[in-house]
Amino acid sequence: MALKLDIVVIGAGQAGLSAAYHLKQLGLQPGRDFIVLDRAPQAGGAWQYRWPSLTLSTVNRVHDLPGMSFAKIAGGDDTVKASVAVPHYFAAYEGHFGLQVLRPATVGVVCERGERLRVEADRGLFSARGIINATGTWEKPFIPDYPGRESFAGRQLHTHDFYRAEDFVGQHVLIVGGGISAIQLLDQISLVTRTSWVTRAPPCFREGPFDQDAGREAVKLVEDRVRAGLPPNSVVSVTGLPLSPAIIAMRDRGVLERQEMFSEITPTGVRWADRHSLDVDVILWCTGFRSALDHLAPLQLREESGGITMTGRLATQVARDPRVHLVGYGPSASTVGANRAGGAAARELTQFLGAVDD
């Protein structure tokens, strides 16, 4: 027998907790009107899996969840691991607002059952009038398929698998990718062993402040894509990389000698189109993640382009099925964007379902 609710929130990271908070503020009761399912064993979303060297001083930024300050919970110690501080904050947040997250609960599939949606999880069956999906990207690391990848005799890892730089001492590590994670790991690993760096496009380093107008314009570029049904680009792909003191120090020690992307992988390394090659021991793919949406496949939300056409004020509502909202997808795939999207999705979905007054 499926438990009947108005809304099921899938995922309890920044976006999912924000959505749950706003649902409660709108008058819906946790456990009666909505439930939050999370596959992780404890609070913290993807933060609990981040590498130990990512501390509060090196993380890009941790934004407050609505209604509770992160700084008051975390204290002022910037040396604390992000994988400890953020889960502690999320757990305190869940408890303070009584959000009643069911975990670990892995959702296998969501499918239609007449006017309702059936959510099948390993912790039970749920029948919902609407879904707020906040499963993020951490569970779906992306590695591009280059010729010869299966032939490489060394190790291949993804950002998802990184633990500490010292694991690579004495090895030549090739870092692939031009995002923030690639830069952070290149910095750490280059301090203990030999590194090389390749990217598809020349990295764009941004000097000076990044004001709110620039941020809104960057998010709009991503939003325009999802409203057109195209696969989203990452926000950082349009914002560029901030030229921080750490990046300047990397440049001064010659670490940022970027090479163009190779054309194939060999048993001992990589080879470029002009046939010159490089032998390496490890290929570290810092090539990002894709949205973890496989459980929604029966709903047939995707367009032929591979994207999902989004609508709504902050592009969280799925055009093909307005009962489904995606938060942490496309323009809301950042902590500050996830907060705003969680609130918008909660308001729009409850109004669409008639669960609260307009």
field: Among (1) among the basic types (K, R); (2) under 19 Å from I131 (Cβ atoms); (3) surrounded by 15 or more Cβ atoms within 10 Å (Cβ to Cβ), the one test that K81 misses
entry: (2)
query: Pick from G215, G208, G177, G254: which is surrounded by fewer than 19 Cβ atoms within 10 Å (Cβ to Cβ) and at pLDDT 85 or above?
result: G254
Residues that are surrounded by 24 or more Cβ atoms within 10 Å (Cβ to Cβ) and over 18 Å from A128 (Cβ atoms), drawn from region 335-358: G337, A338, A341
message: Being crowded, with 17+ Cβ neighbours inside 10 Å, in contact with a helix residue (DSSP H, G or I) (Cβ under 6 Å, 6 or more places away or on another chain) and at pLDDT 95 or above is the requirement here; does V86 meet it?
response: no
- request: Go through region 13-43 and give me each residue that's small (G, A, S) and not in a loop (DSSP other than H, G, I, E, B).
  value: A15, G16, S18, A19, A20
- prompt: Looking at region 52-61, which of the residues that are modelled with pLDDT under 80 and touching a helix residue (DSSP H, G or I) at 6+ places or on another chain (Cβ under 8 Å) is surrounded by the most Cβ atoms within 10 Å (Cβ to Cβ)?
  reply: V59
Hey, P242 crowded, with 17+ Cβ neighbours inside 10 Å, at pLDDT below 90 and out of contact with any helix residue (DSSP H, G or I) (no Cβ under 8 Å at 6 or more places or on another chain) or not: yes
field: Residue under evaluation L314, criteria (1) over 19 Å from the mean Cα position of the chain (by Cα); (2) at pLDDT below 95, criterion not met
entry: (1)
message: Could you tell me how many of the residues in region 65-87 are at negative phi, without any contact (Cβ under 8 Å) to a residue 40 or more places away in the chain and of a type outside the set (A, V, I, L, M)?
response: 9
task: Return the only residue of V198, V192, V173, V219 being among the aliphatic types (A, V, I, L, M), within 18 Å of T287 (Cα to Cα) and touching a helix residue (DSSP H, G or I) at 6+ places or on another chain (Cβ under 9 Å).
output: V173
task: From (1) surrounded by fewer than 18 Cβ atoms within 10 Å (Cβ to Cβ); (2) over 28 Å from G179 (Cβ atoms), pick out the condition that doesn't hold for P30.
output: (1)
message: One residue is enough: does region 185-193 have a residue meeting the conditions touching a Phe, Trp or Tyr at 6+ places or on another chain (Cβ under 7 Å), crowded, with 23+ Cβ neighbours inside 10 Å and not assigned by TED's automatic domain parsing to the domain that holds F262?
response: no
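Considering every residue within region 3-22, establish whether at least one is more than 22 Å from L314 (Cα to Cα) and either at pLDDT below 90 or surrounded by fewer than 18 Cβ atoms within 10 Å (Cβ to Cβ) (or both).
yes
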message: Restricting to region 262-301, name every residue that is touching a helix residue (DSSP H, G or I) at 6+ places or on another chain (Cβ under 9 Å) and of a type outside the set (V, I, T).
response: E264, P267, D281, L284, W285, C286, G288, F289, S291
- prompt: Counting just the residues of region 1-12 that are over 17 Å from the mean Cα position of the chain (by Cα) and in a loop (DSSP other than H, G, I, E, B), which one comes out farthest from S332 (Cα to Cα)?
  reply: M1
query: Residue check, A46 against (1) surrounded by fewer than 23 Cβ atoms within 10 Å (Cβ to Cβ); (2) assigned to a loop (DSSP other than H, G, I, E, B), all met but one. Which one?
result: (2)
- prompt: Looking only at strands (runs of 3 or more DSSP E) that fall completely inside region 267-329, which ones have 3 or more residues that are surrounded by fewer than 22 Cβ atoms within 10 Å (Cβ to Cβ) and out of contact with any Cys (no Cβ under 8 Å at 6 or more places or on another chain)?
  reply: 277-279
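Need a quick list: strands (runs of 3 or more DSSP E) entirely within region 61-178 having at least 1 residues that are out of contact with any Cys (no Cβ under 8 Å at 6 or more places or on another chain) and over 23 Å from D38 (Cβ atoms). Steps first, please.
Details: elements: 107-113, 116-121, 124-133, 155-158, 173-176.
Answer list for region 61-178: 107-113, 155-158, 173-176.
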statement: Within region 145-162, the residues that are in contact (Cβ under 8 Å) with a residue 40 or more places away in the chain, of a type outside the set (A, V, I, L, M) and surrounded by 12 or more Cβ atoms within 10 Å (Cβ to Cβ) are Y146, P147, G148, R149, F152, G154, R155, Q156, H158, T159, H160, F162
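The values are calculated or read from the model by the stated rules, or taken from the named source; none is laboratory data. From a predicted model like this one, the values you see are computed outputs, not experimental measurements. Quick reminder, even Gly has a Cβ in these numbers, built from the backbone with ideal geometry, and neighbours come from all protein chains shown.
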